[in-house]
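Just so you know, all these numbers are worked out from the coordinates, no wet-lab data involved. As the structure is a prediction and not an experimental result, all values here were calculated from the model. In this analysis, Cβ positions are derived from the backbone assuming ideal geometry, glycine residues included, and neighbour counts consider all displayed protein chains.
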Amino acid sequence: MSTLLDHLNIKRTINACGIYTDLGGSRLSDGVLAAMLSVNRDFVQLGPLLDETGRWIAQTFHADAARITPGAAAGIMLGTAACLAGSDGHYSERLPDVTGMKPKVLIQAPHRYKYDRQVSLTGAALTCLGTENGTRADQFHEALSKQDVSMILHPAHLDGKAGTLSLETVVEIARQYQIPVLVDAAYMVYPVDTPGTYIARGADLVTVSSKYYGGPNAGGFIMGRRDLVEAVSNVHFTAYESGTVLKFGRPLKMDRHTIVAVVVALDEWLNADHEARHEDYRKKVEHLKAQLNGIPGLLLESKCFTMDERFEDAPVNALLITVDEAITKRSAASLSDELFEQTPCIATIQEGDRIGVVMEVLNDDEVVVIGEQIRHVLGA
Ligand SMILES: *Cc1c(COP(=O)(O)O)cnc(C)c1O
């Protein structure tokens with residue numbers, strides 16, 4: 001492996017940050033890789049493969065229907081295109097020109113976040129309701145009564161944020177106007193039944209990223225109402241050359257290997273021993289703590305680095321190192337930079353006087369290397 005990376009002039013990176021697209025997403029298991037190899041031997045028709053894998057995902061989360069997509073960002077984009085174009089292929093072909101369609105997608109102003117941009121890529125006009133401080137029901141009613149709205153985007157991780165209307169309230173209003181609500185539940189994958197809870201709470205479409213459950217970095221799915229999932233198929237990539245319309249989603253195509261990996265990884269995730277997974281993180285944290293114990297100026301704490309990038313107490317998945325620069329003669333930022341410059345490169349979470357070593361995708365050997373390199377850089 002290192003010869004390949006050497007050949008490409010690429011440095012190996014020890015990922016102590018967790019699951020980040022720029023660092024490669026997740027580590028695929030042997031089982032997932034075996035499934036990818038297996039499907040490499042056989043050609044299959046992607047239409048039926050997408051239908052059957054979708055059926056399995058839908059059953060799993062008690063949704064009417066589902067479809068694998070190349071990630072949750074693609075799920076938002078395809079879901080939006082589906083809500084705009086419906087099952088009319090000619091509309092799909094016309095996107096991002098939304099002439100003749102209802103051009104608006106609503107979002108509560110305090111819900112604005114990085115991935116809402118995928119909505120605009122379809123040609124839809126993302127329309128903010130309320131102010132940064134909050135959004136009210138009457139603002140939804142006013143916007144929806146104008147009959148030019150195709151969808152409402154609701155990011156699951158911001159549900160319940162101060163000043164916002166809850167998913168239940170938004171669904172209740174949206175139903176009065178028959179406007180679908182798409183929930184971005186990209187990282188809401190644990191406890192394992194969480195994605196299905198958004199369906200149960202009334203979401204019309206829910207999208208999830210497989211990067212967060214051990215699947216491909218460029219994988220995920222969208223599930224929900226059958227007519228809308230069918231509309232997603234209608235705007236997605238299959239039958240581009242052989243069909244009658246040049247579908248919008250052609251650049252969001254997928255390999256059969258990835259499609260299979262999305263479901264095999266999900267199956268593994270649903271059946272995994274998550275208590276053992278957390279126990280493994282705790283052990284790794286304890287090992288690193290033991291390795292760094294006694295270095296003057298370092299405060300070592302077991303913490304949970306959350307999906308929304310905060311340090312909490314539990315469940316433990318990270319070692320938080322607070323650096324007392326007066327003693328170490330090195331700031332946390334400089335230590336983190338220096339670790340990044342090592343070979344292999346060590347990527348850590350750094351903020352202020354703290355460095356987080358997140359165990360989620362590290363193996364035991366990598367944890368040892370991190371301990372050694374921290375000692376080396378600090379001359380300890
Ligand atoms: C990572 C992420 C996405 C994008 O998911 P991809 O599968 O990488 O496209 C969307 N929303 C949130 C909240 C995310 O964290």
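With only Lys, Arg, Asp and Glu charged, each at its Cβ (+1 for the first two, -1 for the last two), find how big the charge dipole of the chain is about the Cα centre; round to the nearest 20 debye. Numbers along the way, then the final one.
Values: 35 positive and 49 negative charges, 145 e Å.
Here the chain has a charge dipole of around 700 debye.
Rounded to 0.05, the FRET efficiency of the Ala314 and Leu5 pair, given R0 = 22 Å and the Cβ-Cβ distance, is 0.05.
Starting from the Cα of Thr244, step 7 Å toward the Cβ, then list every residue of segment 67-102 with an amide N under 17 Å from that point. Zone members listed by number: 86-94.
Within segment 203-280, list the trypsin sites (Lys or Arg not before Pro) lying in a DSSP loop whose Cβ has at most 15 other Cβ atoms in a 10 Å radius. Walk me through the numbers on the way to the answer.
Details: sites: Lys211, Arg225, Arg226, Lys247, Lys253, Arg256, Arg277; in loops: Arg225, Lys247, Lys253.
Passing sites in segment 203-280 are Lys253.
For the residues Leu246, Leu153, Leu37, a GNM of the chain with alpha-carbon springs under 10 Å puts the largest fluctuation on Leu37. Between Glu93 and Thr131, residue separation times 0.36 nm minus the direct Cα-Cα distance comes to 10.2 nm. Computed from the C-beta positions of Thr343 and Ser120 and an R0 of 35 Å, the FRET efficiency is 0.30 to the nearest 0.05.
Near the amide H of Gln350, within less than 5 Å, lie the amide hydrogens of Gly356, all on another chain or at least 5 residues away, with H placed in the peptide plane. Taking the Cα atoms of the chain, the ratio Rg/Rh between the radius of gyration and the Kirkwood radius comes to 1.02.
Can you tell me the mean projection area, over all orientations, of the convex hull of segment 192-276's alpha carbons? Units nm², please. Display every interim value, and only then the final one.
On the way: hull surface 26.4 nm².
Here the figure is 6.6 nm², rounded to one decimal.
Note on the chain: dipole from Cβ charges, positive end direction compared against Ala200, Pro180, Ala218; the farthest Cα belongs to Pro180.
Going by the alpha-carbon gyration tensor, a ≥ b ≥ c the square roots of its eigenvalues, is segment 43-270 rounded (a/c under 1.5) or, if a/c is not under 1.5, prolate (a/b greater than b/c) versus oblate?
Values: a/c = 1.97, a/b = 1.26, b/c = 1.57.
Since a/c reaches 1.5 but b/c is at least a/b, the shape of segment 43-270 is classed as oblate.
Among Asp138, Asp184, Asp159, the largest mean-square fluctuation in a Gaussian network model of the chain, built with springs joining Cα atoms closer than 10 Å, belongs to Asp138. In plain terms, the chain from Thr13 to His287 could stretch by 96.6 nm, reckoned as 0.36 nm per residue minus the Cα-Cα distance.
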